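Colleague: Below: one structure in structure tokens.
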């Protein structure tokens, strides 16, 4: 790839067309690199949907493809949240599913038989290629140097902060949302620059698309008004700002209200009020500006004062009235947790229990962005130096998103684009200064970084003539190149090692180095799918709800759409209580099977015992009298599963189901839990109200069947005791009937 | 070698009489009979020997019967009765002249009668009418599916499994039988229960010899035809009773790629004893480790044709990583695909999956001699797993997808001297339709063959398809795509050159 | 006053009276404002009351606005009325089909801002020289698209485009 393009470059050094062509080729290469670096998981494993949420999106997409758009819109899903059901059509962001549905139908129209699963798997990489292009456009608006755009595209294409959410198979809203985010920003910048209704309308359209795709649209909803507001404060009001903003707001708000899940939020929710406020403010400013044309300065000031007083009086009155009467909803809980990281832990454990809602650890920034993170301030500084309208935008964006990224791991995603822009500005500035200043060499500069090819650089670096000494030029640019190369290798390493695991399928190494695939999840889910009645209700912790819905195709009690805290707490209570307490809960909710994840045999740390405290906490939030977190800790405040575990812990359904029969696997020896490194009590737990129905090969998934009421009307513990005693006497005669612990 | 055989059959195929034209609907040839129908008593069975083989998960019966025409006119219709509950489970029925099997099978058709009738018939057409008081020895072979019931119906996970088979000691016949005998071949010597008959013959009945049980011989000249004497054997069968209630098999021919792609989709079920309690992984691990026999399905082995490549094994939720493929060698060594399902399949459990692989087309396709555009395709009718316990298919749908534009499609199964496990052609429902894929304009011609009640005996059967396919048909797709792209470019160029700008001019 | 705060967001705002207007592009002479500011009826005293100023502005406005722009302004005023009536109805008679109210109201508002934008773009190209002087960056390859003042035809096409989409959404939303 490198040598022919270099040839073209050398021959057509002066030709603008060649440069344009070269740029297109480079962009295509970048897009290809962005796509291919996300395919690790497909190559290493298979074309499979990853993790948790994507399974729901996948299932919804299949529903959409099967039943058509209108059915999808009105979809009431009675196979989740049993017995409540979920108005799925009205409670999801349909953009993702509709996008892949459209792609599917287009391909079908061209009679290309592509499995909908493959579309879903490859959607995220495909859109990441588009994101790189959008990034190029956006950065091009920021800088006069063409290399900045290309660099930004490269950074965006391979930075791990974005790859983490867009590897093949991670079929989540973010997959397309980041593209839409960047592209909406691009259109917005374009609109502000041109002051054209068309660009504003396009920005609004893509904003609408963004709203349909991701809840993070609120970020745009607040960022753009803030940009306008800052511009106004800086005295930079022009008709272009008015045109672009009002067009964007009027159309964008209407567009966003088309999504049932968003509905009336844009006029009710406080999250959206800033946009409305700026809209009103802009009308006033525009009017004032208009009037100013007719009157001399002194009188204008007077008029302005009068006007402002009146308007603010009305606005304040209206706002107070509306808030008091409850028309405008107060800020949502997730929003509060943005400002106070401790808020969620205290008030909404369900939000805090989601791993991606945790505050970001510092190393994560470096891990996800590598050297971009320290170029980022430099880039922002460069923006300050120019500070045109679009640079103001970048500065605001940078400030806001850095804060948010620090609060929630998930929002690292919104930080990534601006980091890429800023870093690209910085790098291109350095390179423009220290490399030959002629354009083609810059164009070629980004190219080899994308291709990880250094030979092209040397040749362009040779004819250096300029005011700086050869040595410092060489030194600085060599350093930059080394950093770029390090960045590329870091990205590749992170992508292949950290972000390419489907988490449904686990990989381990055999002693001889070959890869061994641990496929327990699918084994158990497929067993459920094949060998249980189609209406068997499965209870599991909510993490696995979407997977059960997607892979096992069975109704679940709770899933990753955590809309009903009480219901989740009910499941938490059933898991954390004694069997006698849990059994009526299970019966009330028609539960047929209970599924737990147990990593003790294999040393798989993401299992339910490790998540158990969250269940306890969430249950405690609803039933503080019946479930107490303190009871699950030993006297010394330790969370233990071995001999010293508290009785509450050892009698909880979760504990029993996890360790049931685990002892006998070790023959006579003492069972060892490899996750927690604990030696388990010599006597394993006994289950009376549920029975083991299936356990996967490595014991990761254990499925229990909830027993029916006893035929003779006994309670289950005595029934089991009776059976046991009976059998023991007849068959082995080794011990007397075992006395069951009844508590 | 195979190709010569194919060519030889091709010559036979081209004779008009042996060719089935795929366009004609064959299912309407069934004869409707009145409710109280009894076959005319024109034959007498002199001697009847029934071999019942229970070594696999289904029943395989071979009946050798000497038939004499007792009428005064030549007769050619021989009626074969079956009880109504068994009738729907008969698969692969084949009737031949035992003395000259190379003459091929006789045509046998199911007769539709009222469902309330408890005896239903197949009618066998002799190719040459049997002259009065002359004899013919028929070999009738068929399999009976899903007629073995596990007893007890639920067992413990590591217990032995027993199957029970109930049949009549007197073979059911529409005509009087002078002498008859039934030989029962069981898979093991562990036979806890079997019915001992009384008063049918002198001496012990049945006679045991290892795992072979012989009922009879009986002198039944005086017994009215249709008399039954129910007999049950219960024997150990600690193997899975595999049933595929549907097998869909797609064979796709691509002239361009020179590729023959095969995909098979199975809906499997183990019809053995169900688990008395729930499944215990612990016990399963132990018994696997010690290699005990089990009624659960652990592994399936698919022998694939030599030269098969790129096999895959997936199910509804993705790839199953536990498979092993040993490629074969092109002349004659079969490859083998060993699959381990995600979980062991115990009695009553289901498992559905799909497998597929590719072959070099040139090993299966030939151009017919002396014709310009006629091709002959010879592929196995079904392949499927090969294992000692056998497998039964309740319904098999074979779809052969021919290249786009293939016309004049005719098909035939190879009918050699030995049984091929398939029923006669009239039992196979065929259909031609279009299958659109990969930017087809017309759609590919797809020949769909539907057949019920097959067993793994049919593994050896082969399917021959001839079709016309000209050079233009082969060129159609590239030409269409080129034209399409060209149109798009022209349209783009045209739109691009239009000045739609609304700026000031 | 509150009623007045909506109608006419400005664009012309030429600081010095006649000179910039004269510099407007010749080919679109019909819509460019022809009357300079100085032709207004009276000049204001420095300490006149806001009401007086408002009256002054009104007269200035009537005098200086060309026919076409007046038409646009009338349309905008009409939209304000429509929106106001809907709002009053909603407050008084209840907002039962909230969707319908919202789409009607936002159709009015949206059309209003679009028309205002159109008015800004058409009534004076001169203002585009101002941002230029403020320092728009000069793009390398395709500078002309962003920098030249938007022609009336282009502005009108944009307006149509925006309006079409606006009304599509409204109709979709109204149920």
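What follows draws every value from the coordinates through simple rules; no lab data is involved. Nothing here was measured: the structure is a model prediction, and the numbers come from that model. Positions of Cβ are backbone-derived with ideal geometry, glycine not excepted, and every protein chain shown enters the neighbour counts.
Colleague: Taking neighbour Cβ counts within 10 Å as the exposure measure, how do B:154, A:131, A:495 sort from fewest upward?
Modeller: Result, fewest neighbours first: B:154, A:495, A:131.
Colleague: Compute for region A:154-258: radius of gyration divided by Kirkwood radius, i.e. Rg/Rh, restricted to C-alpha atoms, rounded to two decimals.
Modeller: 1.03
Colleague: Relative contact order of chain B: what whole-number percent is it, with Cα pairs under 8 angstrom and at least 6 residues apart?
Modeller: The normalised contact order for chain B reaches 16 percent.
Colleague: Stick to the Cα atoms of region A:540-579, pair each with every other, and give me the Kirkwood hydrodynamic radius in Å at one decimal.
Modeller: 10.4 Å
Colleague: Taking every pair of alpha-carbon atoms in region B:99-237, give the share separated by more than 19 Å as a whole percent.
Modeller: When every Cα pair of region B:99-237 is considered, 65 percent fall beyond 19 Å.
Colleague: Using helices alone, what [θ] at 222 nm do you get for chain B, with -39,500 (n - 2.57) per DSSP H run of 4 or more residues, divided over all residues and rounded to the nearest 500?
Modeller: Mean residue ellipticity at 222 nm (helix-derived): -3500 deg cm²/dmol.
Colleague: Another question, if that's okay. Rg and Dmax of region B:189-238 over Cα atoms: what are they, in angstrom?
Modeller: 12.6, 41
Colleague: Can you compute the modelled spin-label distance between residue A:366 and residue A:674, with each label point 7 Å from Cα toward Cβ, in nm?
Modeller: 3.2 nm
Colleague: Here is a further query. What would the Debye formula give as log10 I(q)/I(0) at q = 0.11, 0.12, 0.13 Å⁻¹ for the alpha-carbon point model of chain B, no solvent?
Modeller: Evaluating at q = 0.11, 0.12, 0.13 Å⁻¹ gives log10 I(q)/I(0) of -1.04, -1.19, -1.33.
Colleague: Using only the Cα atoms of region A:205-329, build the gyration tensor, take square roots of its eigenvalues as a ≥ b ≥ c, and label the shape rounded, prolate or oblate: rounded if a/c is under 1.5, else prolate if a/b is larger than b/c, else oblate.
Modeller: Oblate is the answer for region A:205-329, as a/c is 1.5 or above yet b/c matches or exceeds a/b.
Colleague: Express in % the proportion of alpha carbon pairs of region B:187-327 at distances exceeding 21 Å.
Modeller: The answer is 68 percent, as a whole percent.
Colleague: Can you tell me, using C-alpha contacts under 8 Å and at least 6 residues apart, the relative contact order of region B:39-236 as a whole percent?
Modeller: Once divided by the residue count of region B:39-236, the mean separation gives 26 percent.
Colleague: What does the convex hull of the Cα atoms come to per residue for region A:242-303, in Å³?
Modeller: Expressed per residue, the convex hull around the Cα atoms of region A:242-303 is 81 Å³.
Colleague: Could you check the simple spin-label distance between residue B:129 and residue C:77, using points 7 Å along Cα→Cβ, in nm with one decimal?
Modeller: Modelled inter-label distance: 10.9 nm.
Colleague: Test of understanding: ordering A:683, B:263 by Cβ neighbours within 10 Å, fewest first, what list do you get?
Modeller: The fewest-first ordering by Cβ neighbours comes to A:683, B:263.
Colleague: Still on this structure, I have one more. Quote the FRET efficiency, to the nearest 0.05, computed for residue A:629 versus residue A:710 with a Förster distance R0 of 35 Å and r equal to the Cβ-Cβ distance.
Modeller: Efficiency for this residue pair is about 0.60.
Colleague: Going 7 Å from the Cα of residue B:276 along its beta-carbon direction, which residues of region B:158-194 have the amide nitrogen within less than 14 Å of the resulting point?
Modeller: B:158-162
Colleague: Report, to the nearest 10°, how far helix B:2-14 tilts away from the longest principal axis of the Cα atoms in chain B, using its own Cα long axis and a range of 0 to 90°.
Modeller: 90 degrees
Colleague: Separate question: Based on the Cβ-Cβ distance from residue B:316 to residue B:483, what FRET efficiency comes out when R0 is 41 Å, to the nearest 0.05?
Modeller: Computed FRET efficiency for residue B:316 and residue B:483: 0.55.
Colleague: Give the shape of region A:550-706 as rounded, prolate or oblate, defined through the alpha-carbon gyration tensor: a ≥ b ≥ c are the square roots of its eigenvalues, a/c under 1.5 means rounded, and otherwise the shape is prolate if a/b is larger than b/c and oblate if not.
Modeller: Oblate is the answer for region A:550-706, as a/c is 1.5 or above yet b/c matches or exceeds a/b.
Colleague: Which whole-number percent is the relative contact order of region B:161-248 (Cα, under 8 Å, 6+ apart)?
Modeller: Normalised by residue count, the contact order of region B:161-248 is 48 percent.
Colleague: Something else: Nearest 5 percent is fine: what portion of the DSSP beta bridges confined to region A:523-708 is antiparallel?
Modeller: Bridges in region A:523-708 are about 75 percent antiparallel.
Colleague: Sticking with this one: Could you work out the mean count of beta carbons from other protein chains within 10 Å of each residue's beta carbon in C:53-63?
Modeller: Average neighbour count from other chains, rounded to a whole number: 4.
Colleague: For region A:621-719, take the alpha-carbon Rg, divide it by the Kirkwood Rh, and send me Rg/Rh.
Modeller: 1.00
Colleague: Turning to a different aspect of this structure: Based on the Cβ-Cβ distance of residue A:71 and residue B:212, what FRET efficiency does E = 1/(1 + (r/R0)^6) give at R0 = 56 Å, to the nearest 0.05?
Modeller: Computed FRET efficiency for residue A:71 and residue B:212 comes out at 0.35.
Colleague: If you rank A:102, C:88 by fewest surrounding Cβ atoms within 10 Å, what's the result?
Modeller: Ordered from fewest to most neighbouring Cβ atoms within 10 Å, A:102, C:88 come out as C:88, A:102.
Colleague: Regarding region B:334-458, what whole-number volume in Å³ per residue does the convex hull of its Cα atoms give?
Modeller: Per residue, the Cα convex hull of region B:334-458 comes to 172 Å³.
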